[in-house]
1. How long is the gain from LYS67 to ASP376 if the chain were fully straight, where each residue apart is worth 0.36 nm and the alpha carbon distance is subtracted?
2. Taking the number of other C-beta atoms within 10 Å as the exposure measure, put ARG296, ARG259, ARG439 in order starting with the fewest.
3. Zone of SER512 (label point 7 Å along Cα→Cβ, backbone N under 16 Å): which residues in region 141-166?
4. Which whole-number percent of Cα pairs in the chain have a distance greater than 29 Å?
5. Extension gain ALA505-GLU223, at 0.36 nm per residue separation less the Cα-Cα distance, in nm?
6. Does a label point 7 Å from the Cα of GLU358, set along Cα-to-beta-carbon, have any residues of region 392-412 with amide nitrogen under 18 Å, and which are they?
7. Ranking TRP73, TRP497 by Cβ neighbours within 10 Å, fewest first, what do you get?
8. Could you work out how far apart the two model spin labels at VAL150 and GLU30 are, taking each label as a point 7 Å from the Cα in the direction of the beta carbon, and quote it in nm?
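Just so it is clear, none of the values below were taken in a lab; they were calculated from the coordinates. As the structure is a prediction and not an experimental result, all values here were calculated from the model. All Cβ positions, even for glycine, are placed from backbone atoms using ideal geometry, and neighbour counts span all protein chains on display.
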Amino acid sequence: MTVEAIRPSVETPPAILPILSHWIGGRPVEVLPEHTGPVYNPATGEVIARVPRGGAPEIEAAVAAAKAAFPAWRDTPLIARSQVFFAFRELAWKHREELAALITRDHGKTFADALVGVTRGIETVEYACGLPVHLAGMNTPNVASGVDAVTLRQPLGVVAAITPFNFPVMVPMWILPIALAAGNAVILKPSSHTPGATQLQAELWHEAGLPTGILNVVYGGREAVAAIVEHPDIKAIQFVGSTAVGRYVYEEGTKRGKRVGAFTSAKNAMVVLPDADLEMTADAAVASGYGSAGERCMAQTLVIAVGDTADRLRPLMLERIAKLKVGPGMDPGVDMGPIYTQDHRQSIIKWIDRGVEEGAELVVDGRPFVHPEHPDGFYLGVTLFDHVKPGMDIYNEEIFGPVLGIVRVGTYDEAINLVNGHKYANGTAIFTTDGGAARRYQLEVEVPMVGVNVPIPVPAGYLSFSGAKESALGDLPMRGEDGLRFFSRQKEVTIRWPEPGRRGALSLVFPSNS
């Protein structure tokens, strides 16, 4: 199906609100207003734009464009391909503040937080600039008499990325540069809640010289996800989002022979030992628990305090909580912005209600907060529970909001057993001044990303990002060398060139490497 086939046959009437568009075949795709959904500014509650609701026809058109463009991109010399990444890196850096402002507008997080997300994404673009080195194969001469072997790393073809609302620049920049560097054509299905920065990224890739059809963007919900999972020409999918949707993508995708990596929900815990620097720890707990309104998969949402640590740490946390300023993310001095949607705000309130029902001590209640200048904004204050216990729903499940819980244990062994016994395993941290205790934690904890006095242990952009248990499904982490493995296929070529007078006699014996 061509791009024109999914364009409306009649002229779209003028709309009061701007209508964003899919990006297929190197250009925007017009859509009728009735085929769009609202984009909200969560700081005010106002509808600021409309975004397409794509499905199977749009995915079909995007795959057709990608398939047509793939052979030429695959065959583009590596140096020429890498120049696109250098150009995109410069454009992304030049437009970093514009990208961040679009994130703040659509998501609500503070501008400073959004800007760091952009720059952390650019780190992976910089890694991809070295693709001629990263894609080098291996030549092994004389694996047998007169026989050489060559290992090639080749692209898969058309691949897809399904990315979340909370990092509309960083997560796509963790996936797209690696997939594109490997020589693939990509279908991006981003969140419809935060389309502004996605739209700009597509334009910047085009301006950087990425060939038409190599990157296609299709907005949409369940129908678009299902179309990606079911399309026979999509060879691999990387997904970041909830465990429920990630499990569907993984199970249905792998059933169809696709390579799938799904990075899903989390319930991260930071362990605090009695010898920790508690001033630093209080800063870390409040920053990691409430930054971006808790809408981070790497947020530390449980503080597991050993011995009498909780009694000493809690007052320090309360001092910091009392000074937090909640408001529009572009306002100076604001620490935390709104929740990204009204529906999600209501779900967080229900989680707080549940924690009270379960018997956790509600120390700080964020439910009554209303912003005085923006009463229709999707705001919540921060919430702190104490005496959270294993088995409570607020201990077991990801809330994805500004809700932090203190868990009290008697010993280090109890603390690490709680972390290792949880169904989620994404990121964790230990706060201590004891190097031996920290070393033991690194070795014994069953979580793939670990911080030592670092509350949000997201590795640098050229290193792997992963999860375990119900926080990730698939064999390979994203980014770095593992990301290139995910988006490429290894091929072994065994070569013999005939030499005059050295042809042996016919033999049906399995070939020997001696």
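1. Difference between extended and current length: 106.7 nm.
2. Lowest to highest Cβ neighbour count: ARG439, ARG259, ARG296.
3. Correct set: 143-147.
4. Of all Cα-Cα pairs in the chain, 55 percent lie more than 29 Å apart.
5. Length gained between ALA505 and GLU223: 95.5 nm.
6. What the label zone holds, given the 18 Å backbone N cut-off, is 392-409.
7. TRP497, TRP73
8. Using points 7 Å along Cα→Cβ, the separation is 4.9 nm.
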